[in-house]
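K.L.:
Okay, here's the structure, questions in a sec.
The values are calculated or read from the model by the stated rules, or taken from the named source; none is laboratory data. Bear in mind the structure is a predicted one, so any value in this text is a computation, not a measurement. Virtual Cβ from ideal backbone geometry, glycine too; neighbours counted across all protein chains shown.
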């Protein structure tokens with residue numbers, strides 16, 4: 001009792017020492033959330049308990065809250081809601097170890113998108129006149145980013161989204177959008193969402209950004225909005241997301257009156273992991289109505305421009321994330337996966353040549369890559385000579401999220417994929433995936449984005465998939481030069497005890513795999529569309545079907 005009283009006294013003194021509102025109720029505008037946490041860390045309180053309240057936070061240096069260089073710290077934020085007042089990052093977690101954050105709700109005012117109704121379509125349906133709803137950002141804040149169209153009756157996506165579009169007229173209460181591409185059936189009365197920006201102090205992406213951290217635990221954290229990705233991690237080790245939630249906010253729970261309830265949650269992916277030494281652990285999480293993937297776990301490929309035995313001339317994807325001693329995944333331009341190599345030495349070599357830029361311009365890749373955004377060349381010396389054509393790729397095989405887990409999650413109603421895996425030694429188990437526009441579960445490297453890698457020892461078991469617009473479960477590999485990769489891109493894949501209903505594409509498609517277990521999957525009363533291509537069993541026999 002004495003210890004508890006002492007702790008309460010410390011908290012009271014701490015709160016009085018910070019310039020905060022005298023009454024911490026549900027609508028505090030000037031409570032210094034960053035200052036409270038910083039002071040508690042200084043005083044070595046354990047755990048740090050943030051008083052419940054709805055706090056409007058002004059960003060500093062384009063971030064609303066920063067947790068940096070912390071070790072063995074637990075922050076309990078049950079009943080705490082952080083309202084971000086600019087459309088820039090909510091929370092940065094950097095260089096932390098064994099940090100736990102529990103219970104925080106994060107939202108934005110203004111939201112990073114606006115919402116309206118299509119009131120007129122041009123004769124060829126390429127021009128949309130839209131009236132904006134009260135309670136959302138005005139037309140002058142509209143960006144040409146993440147334009148989605150929802151059916152008015154079901155409030156679900158009419159299709160994926162247009163990639164070619166621009167706002168050609170922006171007024172306070174209405175906008176006009178001109179789209180490219182083919183017509184996808186939008187109608188007068190449909191509801192739209194489109195990205196907006198309000199960041200007088202400058203803007204950086206993502207709601208919760210975790211970098212260079214180990215054993216971070218985010219527990220019962222809820223995101224209702226983000227200007228890009230929701231939970232984004234890079235160069236981390238075993239981040240745990242326990243019962244974290246991404247969803248559109250219900251009208252009865254909204255802090256602001258709106259003419260129409262919110263139609264979407266985030267502006268892009270819900271959970272995105274890059275370059276993890278040990279992959280993320282997603283347990284009991286939710287991701288609904290965001291404007292891209294539910295989960296993406298990946299690393300980076302870097303492209304081979306020339307090969308001289310063990311010396312590779314490599315065009316880096318941004319900052320090269322290979323270090324001497326790293327095991328390397330090595331994939332030929334024709335899709336052949338070679339035995340892993342090991343990096344011996346890296347040397348910066350300058351800029352890509354005109355010939356190399358011309359080669360890049362001819363690839364089937366993300367447009368900025370073909371237009372010259374990648375320029376830095378390295379010489380990467382590996383531990384053995386190889387024969388690799390221009391366009392082959394390498395990746396740090398220990399920085400792609402191996403050891404991941406995605407289990408007991410509820411995903412869907414988003415414009416893209418459900419669970420996208422490019423890592424090894426992990427599981428996708430007992431998840432519910434409903435209403436994704438594209439594949440429900442996809443295991444595949446993506447040459448298009450230079451996202452690595454190929455997968456070994458992945459178990460896809462016990463998942464329920466329904467009402468998705470793409471394939472149910474797709475495990476495949478496409479060569480940079482085009483076509484399917486040979487067997488051995490993926491190894492030891494288990495697809496077992498899954499339940500699939502009403503998927504628009506194939507129920508199961510597997511290519512380029514050596515060692516496949518496919519059994520006890522439940523398709524209801526239909527004859528499933530299952531296709532295997534470039535697959536081999538343990539005896540090396542190719543098994544097309």
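K.L.:
Evaluate the following for residue 75: is it assigned by TED's automatic domain parsing to the domain that holds residue 243, touching a residue at least 60 places away in the same chain (Cβ under 8 Å) and part of a strand (DSSP E or B)?
P.N.:
In short, no.
K.L.:
Sticking with this one: Check residue 222 against each of (1) over 27 Å from residue 97 (Cα atoms); (2) surrounded by fewer than 24 Cβ atoms within 10 Å (Cβ to Cβ) and name the one condition it does not meet.
P.N.:
If we test residue 222 against (1) over 27 Å from residue 97 (Cα atoms); (2) surrounded by fewer than 24 Cβ atoms within 10 Å (Cβ to Cβ), just (1) comes out false.
K.L.:
Consider only pairs whose beta carbons are under 7 Å apart and that are at least six residues apart or on different chains; among these, list those whose first residue lies in segment 416-431 and is at positive phi and whose second residue is in a loop (DSSP other than H, G, I, E, B) and surrounded by fewer than 24 Cβ atoms within 10 Å (Cβ to Cβ).
P.N.:
Note: pairs meeting the criteria are 425/402; 425/403; 430/408; 430/462.
K.L.:
Name the strands (runs of 3 or more DSSP E) wholly within segment 227-338 that hold at least 3 residues that are under 19 Å from the mean Cα position of the chain (by Cα) and in contact (Cβ under 8 Å) with a residue 24 or more places away in the chain?
P.N.:
Values: elements: 231-234, 240-242, 271-274, 281-283, 286-288, 295-300, 302-308, 311-315, 327-331.
Result: 231-234, 240-242, 271-274, 281-283, 286-288, 295-300.
K.L.:
Hey, any hits in segment 527-535 for a residue that's without any contact (Cβ under 8 Å) to a residue 12 or more places away in the chain and either on the phi < 0 side of the Ramachandran plot or surrounded by fewer than 24 Cβ atoms within 10 Å (Cβ to Cβ) (or both)? If you could, list the steps in order and put the result at the bottom.
P.N.:
So in segment 527-535, the residues without any contact (Cβ under 8 Å) to a residue 12 or more places away in the chain come out as 527.
When the remaining residues are screened for being either on the phi < 0 side of the Ramachandran plot or surrounded by fewer than 24 Cβ atoms within 10 Å (Cβ to Cβ) (or both), the result is 527.
Checked against the condition, which is being without any contact (Cβ under 8 Å) to a residue 12 or more places away in the chain and either on the phi < 0 side of the Ramachandran plot or surrounded by fewer than 24 Cβ atoms within 10 Å (Cβ to Cβ) (or both), segment 527-535 yields at least one hit.
K.L.:
So how many residues does segment 403-428 have that are in a loop (DSSP other than H, G, I, E, B) and over 29 Å from residue 309 (Cα atoms)?
P.N.:
The total comes to 11.
K.L.:
Anything in segment 504-524 that is closer than 17 Å to residue 444 by Cβ and assigned to a strand (DSSP E or B)? List them, or say none.
P.N.:
Within segment 504-524, 508, 509, 510, 511, 513, 514, 515, 516, 518 meet the criteria.
K.L.:
Then there's this: Residue under question is residue 189, and the condition is that it be within 27 Å of residue 135 (Cα to Cα), in contact with a strand residue (DSSP E or B) (Cβ under 9 Å, 6 or more places away or on another chain), assigned to a loop (DSSP other than H, G, I, E, B) and not assigned by TED's automatic domain parsing to the domain that holds residue 254; does it hold?
P.N.:
So residue 189 fits the description; yes.
K.L.:
Could I ask something else about it? Got a sec? Which of 165, 150, 159, 229 is over 18 Å from residue 110 (Cβ atoms) and surrounded by fewer than 17 Cβ atoms within 10 Å (Cβ to Cβ)?
P.N.:
On the way: 165 fails: surrounded by fewer than 17 Cβ atoms within 10 Å (Cβ to Cβ); 150 fails: surrounded by fewer than 17 Cβ atoms within 10 Å (Cβ to Cβ); 229 fails: surrounded by fewer than 17 Cβ atoms within 10 Å (Cβ to Cβ).
From the options 165, 150, 159, 229, the qualifying one is 159.
K.L.:
Mind listing whichever residues of segment 363-382 are under 23 Å from residue 489 (Cβ atoms) and exposed (fewer than 14 other Cβ atoms within 10 Å of the Cβ)?
P.N.:
364
K.L.:
For segment 181-219, give me each residue that is crowded, with 18+ Cβ neighbours inside 10 Å and either closer than 21 Å to residue 260 by Cβ or modelled with pLDDT under 95 (or both).
P.N.:
Listed by number, the residues that qualify are 186, 190, 191, 192, 193, 194, 195, 196, 198.
K.L.:
Any residue in segment 179-202 that's within 17 Å of residue 118 (Cα to Cα): show its pairings with residues that are exposed (fewer than 11 other Cβ atoms within 10 Å of the Cβ) and at pLDDT 95 or above at Cβ separation under 7 Å, as long as the two are six or more apart or on different chains.
P.N.:
Note: no pairs meet the criteria.
K.L.:
Looking at segment 502-526 only, could you name the residues that are over 18 Å from residue 459 (Cβ atoms), surrounded by fewer than 17 Cβ atoms within 10 Å (Cβ to Cβ) and over 25 Å from the mean Cα position of the chain (by Cα)?
P.N.:
Listed by number, the residues that qualify are 502, 524, 525, 526.
K.L.:
Please specify each residue of segment 52-69 satisfying the condition of being outside any strand (DSSP E or B), surrounded by fewer than 19 Cβ atoms within 10 Å (Cβ to Cβ) and either under 27 Å from the mean Cα position of the chain (by Cα) or touching a residue at least 40 places away in the same chain (Cβ under 8 Å) (or both).
P.N.:
Once the filter is applied, which keeps residues that are outside any strand (DSSP E or B), surrounded by fewer than 19 Cβ atoms within 10 Å (Cβ to Cβ) and either under 27 Å from the mean Cα position of the chain (by Cα) or touching a residue at least 40 places away in the same chain (Cβ under 8 Å) (or both), segment 52-69 yields 58, 61, 62, 69.
K.L.:
Exactly one of these conditions fails for residue 15: (1) at negative phi; (2) at pLDDT 95 or above. Give me its number.
P.N.:
With (1) at negative phi; (2) at pLDDT 95 or above applied to residue 15, the lone miss is (2).
K.L.:
Same structure again: Pick out the one residue from 246, 295 that is crowded, with 24+ Cβ neighbours inside 10 Å, at pLDDT 95 or above and under 18 Å from residue 404 (Cα atoms). Please lay out each step first, then the result.
P.N.:
Values: 246 fails: under 18 Å from residue 404 (Cα atoms).
None of the other options fit; the residue is 295.
K.L.:
Considering only residues that are out of contact with any strand residue (DSSP E or B) (no Cβ under 7 Å at 6 or more places or on another chain) and over 24 Å from residue 369 (Cα atoms), which ones fall in segment 445-469?
P.N.:
Once the filter is applied, which keeps residues that are out of contact with any strand residue (DSSP E or B) (no Cβ under 7 Å at 6 or more places or on another chain) and over 24 Å from residue 369 (Cα atoms), segment 445-469 yields only 469.
K.L.:
Which one of these does residue 93 not meet: (1) over 18 Å from residue 254 (Cα atoms); (2) outside any strand (DSSP E or B); (3) touching a strand residue (DSSP E or B) at 6+ places or on another chain (Cβ under 9 Å)?
P.N.:
(2)
K.L.:
Mind checking whether some residue in segment 362-379 is assigned to a helix (DSSP H, G or I) and farther than 30 Å from residue 294 by Cβ? Let's see the steps before the verdict.
P.N.:
Within segment 362-379, the subset assigned to a helix (DSSP H, G or I) is 367-370.
Within this subset, residues satisfying the condition of being farther than 30 Å from residue 294 by Cβ are none.
No, the conditions are met nowhere in segment 362-379.
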